[in-house]
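Undergrad: My questions all concern the structure below.
The values are calculated or read from the model by the stated rules, or taken from the named source; none is laboratory data. Values in this document were obtained by computation on a predicted structure and should not be read as measured data. Every residue, glycine as well, gets a Cβ built from its backbone with ideal geometry; the counts of neighbours run over all protein chains shown. Accessible surface is based on the protein model in full, side chains and every heavy atom, while ligands, DNA and RNA are left aside. Shrake-Rupley method; radii C 1.70, N 1.55, O 1.52, S 1.80 Å.
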Amino acid sequence: MTTQVKRDKPWLMRTYSGHSSAKASNELYRTNLGKGQTGLSVAFDLPTQTGYDADHPLARGEVGKVGVPICNIGDMEALFDQIPLGQMNTSMTINATAAWLLALYVATAERQGASPAQLQGTTQNDILKEYLSRGTYIFPPQPSVRLATDIIAYTVRNIPKWNPTNICSYHLQEAGATPTQELAYALSTAIAILDAVRDSGQIGAEGFEQVVGRISFFVNAGIRFIEETCKMRAFGEMWDQMAQQRYGAQSEEMRRFRYGVQVNSLGLTEAQPENNVQRIVLEMLGVSLSKKARARAIQLPAWNEALGLPRPWDQQWALRMQQVLAFETDLLEYGDIFDGSPVIAAKVKTLVEGAQAEMARVLEQGGMVQAIESGYVKRQLVTSHTERMRAIERGDLKIVGLNCYKETEESPLTGGKDSGIMKVDPRAEREQIERLNAFRAQRNAAEVKAALANLAETARSGANIMPASILCAHAGVTTGEWSQTLRDIFGEYRAPTGIDIPANDDSRSTRAIAIRAAVVETGAELGRPLRLLIGKPGLDGHSNGAEQIAVKGRDVGFEIVYEGIRLTPEQIAKAALEEGVHLIGLSVLSGSHIEMVEDVFARLEQVGLQELPVVIGGIIPESDARLLKDKGIAAVYTPKDIDMNSIMLDILNLIRSAHGLQPVAVA
């Protein structure tokens, strides 16, 4: 007779998804739930994340590309059609407009007959990391923190099962953070937010332990899964101590480090993308092996995310990886297998001490908000990411298929008519605008006007923003209208770029010195120093690539014009004219590269710069790369292009060619 082994309950299993339209995303969600997914993780498109309606000029080319477009409550109802929100656990990756999307979610649940007290899920609502990595911020830090605290205070009182914020170290690692920095900056962010909630006076001392207990985290897990395991144990130790000593949380349950995870996307490669499968599985071990530090929810990227948008089959594969680990292995049958290990304990101790030292440096700046405003944290991240990229470039950091073992057979995974990725229907944007116009036409204009006036008064008075936002949702206010009302009151913000860092040792390599000499000589031939404009058009805020090109270009002698994210094509053309640049480098990672290039070229022609060479970098399929070159793009760079010196030499020779000079060669 076989004895039944007691197994722990597995974690919540999600896939991060959303695309094209609310209807298409709803079909995908219901399909995934039918395959055994146990929660939803909603990806919103960039206009929704940055507070624009689908018909706003800045939304052109971005609608439905990286997530689902949500312009109003009609879209939210379509997104969750036949999905009972009173029973579902939903995670929403949303930050600057988190209060609005939560309001739409609550209003939709109410229309389904569910009460707010029944709702379970998470709003990411970590605006501070947006100034450092993803770039979907709208307002300055202080009013943004106020909105975040309003969500926390409201949910603790009215939606007690909701996780109002995911302090999100995931994107810090994507922006270059080391494990020590990830610990330090995430916990410094938690301090900033919890202090703000306490200081707002919305929650009294007697209820503050509940606030601490509802704080959750969203972390990253890289390929070094032993170190990642130690990082998660360090997170648990440091959070427990902080919750007890700084915030007086006495209950062990309220001090528990609760976190979800998506494993690392930064390390996924375009070259030999089939290797990403084993990378994803190994990364999952870092957040599942240690029972005491095991994730409560896991979502895995698809193997082909470095190529483009994953298809439903790719997402199913990612889900099956989780299910095999949870249900076929004996992982959940044991206690913590790392307890008592001196090796693990020593590594945890090192990480804790390093993180505490960096947190002290943040505190010297005045705290996390001030350290962001001063540019300190951004510079640290850019420096770390630069060191990582240079290590890959030198071959010191081995990436199989990218800088070693590059010989390969043709992959059957990337064949076929779709090249192994999903492409958003080009009609999606037009159809979303049509739905938006139809929604506007049938709503009560007087109710909308009154709701927006109430929202504005609430924002000015300092009262909690959530009740007014829920009223707006029911009245038929749109995402753009809600956001513009707050833009008019709070203003908008541009974060520091972080590229003002010292040159590293690679800038003194023999090849870099030779390229710098050629850049200087070419400038002399043309009568002035060579100048590059690095531009990020559209709403894409992932700036790592643009920052690395800017830093490298400066290190080899180019003058750099880089004004950060979210530039309009008109601003790029104007800057190119006023700054007298010799070449424009565009960075687009949202899939809107075709539309952005068309618009930039149109603006350059208007100012008489149609002959100016333009290159582009991003996640760009080969078929689109050919199309871009046909439209006039001089060169296309993708994540497989890791030799930064070669890219700089390409750029130099494109400038020389544009001025009738012969190309130069550098050994």
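Undergrad: Pick out the one residue from 283, 209, 228, 237 that is over 24 Å from residue 350 (Cβ atoms) and either touching a Pro at 6+ places or on another chain (Cβ under 7 Å) or of a type outside the set (A, V, I, L, M, F, W, C) (or both). Write out each step before concluding.
TA: Numbers: 283 fails: over 24 Å from residue 350 (Cβ atoms); 228 fails: over 24 Å from residue 350 (Cβ atoms); 237 fails: over 24 Å from residue 350 (Cβ atoms).
Only one candidate passes the filter, namely 209.
Undergrad: Quick one: in the range 429-484, which of the residues that are of a type in the set (Ser, Thr, Tyr) and open to solvent by less than 30 Å² (accessible area, probe 1.4 Å) is farthest from residue 136 (Cα to Cα)? Step through it out loud before you land on a result.
TA: If we filter the range 429-484 for residues that are of a type in the set (Ser, Thr, Tyr), which is where we start, we get 458, 461, 469, 478-479, 483.
Adding the requirement that they be open to solvent by less than 30 Å² (accessible area, probe 1.4 Å) leaves 458, 469, 478-479, 483.
Values: 458: 23, 469: 20, 478: 18, 479: 14, 483: 13 Å.
Restricting to residues being of a type in the set (Ser, Thr, Tyr) and open to solvent by less than 30 Å² (accessible area, probe 1.4 Å), the top hit is 458.
Undergrad: Right, another one. From the list 525, 481, which one is touching a Lys or Arg at 6+ places or on another chain (Cβ under 9 Å) and either within 14 Å of residue 648 (Cβ to Cβ) or not β-branched (Val, Ile, Thr) (or both)? Explain how you work it out, then say what you get.
TA: Numbers: 481 fails: touching a Lys or Arg at 6+ places or on another chain (Cβ under 9 Å).
After applying the criteria, what remains is 525.
Undergrad: For the range 47-75, how many residues meet the condition of being open to solvent by less than 10 Å² (accessible area, probe 1.4 Å), within 16 Å of residue 19 (Cβ to Cβ) and aliphatic (A, V, I, L, M)?
TA: 5
Undergrad: If the Cβ limit is 6 Å and pairs must be 6+ apart or interchain, which residue in the range 84-96 that is in contact (Cβ under 8 Å) with a residue 60 or more places away in the chain pairs with which residue that is part of a strand (DSSP E or B) and open to solvent by 20 Å² or more (accessible area, probe 1.4 Å)?
TA: 89/120
Undergrad: Quick one: would you say residue 391 is free of Cβ contacts under 8 Å to residues at least 40 places away in the same chain, among the small types (Gly, Ala, Ser) and at negative phi? I'd like the intermediate steps shown before the answer.
TA: Working: free of Cβ contacts under 8 Å to residues at least 40 places away in the same chain: yes; among the small types (Gly, Ala, Ser): yes; at negative phi: yes.
So residue 391 passes the test.
Undergrad: Does the range 284-293 include one or more residues that are in a loop (DSSP other than H, G, I, E, B), within 26 Å of the chain's Cα centre (by Cα) and not aliphatic (A, V, I, L, M)?
TA: yes
Undergrad: Oh, and also: List pairs: first in the range 245-269 and over 19 Å from residue 296 (Cβ atoms), second among the aromatic types (Phe, Trp, Tyr), Cβ under 8 Å, 6+ apart or cross-chain?
TA: These pairs meet every condition: 247/208; 248/208; 268/303.
Undergrad: Separate question: From the residues in the range 294-335 that are under 26 Å from residue 239 (Cα atoms) and over 20 Å from the mean Cα position of the chain (by Cα), which one is surrounded by the most Cβ atoms within 10 Å (Cβ to Cβ)? Let's see the steps before the verdict.
TA: In the first step, residues of the range 294-335 are kept if they are under 26 Å from residue 239 (Cα atoms); the result is 294-300, 331-332, 334-335.
Right, trim to over 20 Å from the mean Cα position of the chain (by Cα) and you get 294, 296, 331-332, 334-335.
On the way: 294: 20, 296: 16, 331: 18, 332: 18, 334: 12, 335: 9.
That would be 294.
Undergrad: Still on this model: Tell me which residues, restricted to the range 632-667, are within 23 Å of residue 309 (Cα to Cα) and either acidic (Asp, Glu) or in contact with a Phe, Trp or Tyr (Cβ under 8 Å, 6 or more places away or on another chain) (or both).
TA: Listed by number, the list holds a single entry, 641.
Undergrad: Identify the single condition in (1) open to solvent by less than 10 Å² (accessible area, probe 1.4 Å); (2) among the aliphatic types (A, V, I, L, M); (3) in contact with an Asp or Glu (Cβ under 7 Å, 6 or more places away or on another chain) that residue 85 does not satisfy, given that it satisfies every other one.
TA: So the condition that residue 85 fails would be (3).
Undergrad: Residue 303 is checked against (1) closer than 19 Å to residue 230 by Cβ; (2) at pLDDT below 95 and fails just one. What number does that condition carry?
TA: Just one mismatch for residue 303, condition (1).
Undergrad: So in the range 212-225, with the set limited to residues that are buried (at least 19 other Cβ atoms within 10 Å of the Cβ), of a type outside the set (S, T, N, Q) and touching a Pro at 6+ places or on another chain (Cβ under 9 Å), which one is nearest to residue 170 (Cα to Cα)?
TA: Checked the range 212-225; the qualifying residue nearest to residue 170 (Cα to Cα) is 222.
Undergrad: Would a scan of the range 156-163 turn up a residue that is among the polar types (S, T, N, Q), under 23 Å from residue 102 (Cα atoms), over 22 Å from the mean Cα position of the chain (by Cα) and surrounded by 24 or more Cβ atoms within 10 Å (Cβ to Cβ)?
TA: Pass one, the range 156-163, residues among the polar types (S, T, N, Q): 158, 163.
Now narrow it down to the ones that are under 23 Å from residue 102 (Cα atoms): 158, 163.
If we keep only those that are over 22 Å from the mean Cα position of the chain (by Cα) as well, we get 158.
Okay, now just the ones that are also surrounded by 24 or more Cβ atoms within 10 Å (Cβ to Cβ), so none.
Looking through the range 156-163, none of the residues is among the polar types (S, T, N, Q), under 23 Å from residue 102 (Cα atoms), over 22 Å from the mean Cα position of the chain (by Cα) and surrounded by 24 or more Cβ atoms within 10 Å (Cβ to Cβ).
Undergrad: Within the range 625-667, can you find the residues that are among the polar types (S, T, N, Q) and either within 21 Å of residue 610 (Cβ to Cβ) or touching a Leu at 6+ places or on another chain (Cβ under 7 Å) (or both)? Please lay out each step first, then the result.
TA: Here is the first cut: in the range 625-667, the ones among the polar types (S, T, N, Q) are 638, 645-646, 653, 657, 662.
The answer is 653, 657.
Undergrad: Let me ask something else about it. Any residue in the range 469-483 that's over 17 Å from residue 151 (Cα atoms): show its pairings with residues that are among the basic types (Lys, Arg) at Cβ separation under 6 Å, as long as the two are six or more apart or on different chains.
TA: 476/443
Undergrad: Here's something else I'd like to know. If residue 209 satisfies all but one of (1) in contact with a helix residue (DSSP H, G or I) (Cβ under 8 Å, 6 or more places away or on another chain); (2) open to solvent by 10 Å² or more (accessible area, probe 1.4 Å), what's the number of the condition it fails?
TA: (1)
Undergrad: Could you list, in sequence order, the residues of the range 170-228 that are over 30 Å from residue 392 (Cβ atoms), assigned to a helix (DSSP H, G or I) and touching a strand residue (DSSP E or B) at 6+ places or on another chain (Cβ under 8 Å)?
TA: Initially, the range 170-228 is screened for residues over 30 Å from residue 392 (Cβ atoms), giving 190-216.
Filter again for assigned to a helix (DSSP H, G or I), leaving 190-200, 205-214.
190, 193, 194, 214 - these are the residues of the range 170-228 that are over 30 Å from residue 392 (Cβ atoms), assigned to a helix (DSSP H, G or I) and touching a strand residue (DSSP E or B) at 6+ places or on another chain (Cβ under 8 Å).
Undergrad: Looking at the range 257-267, is at least one residue under 19 Å from residue 225 (Cα atoms), open to solvent by 50 Å² or more (accessible area, probe 1.4 Å) and not in a loop (DSSP other than H, G, I, E, B)?
TA: no
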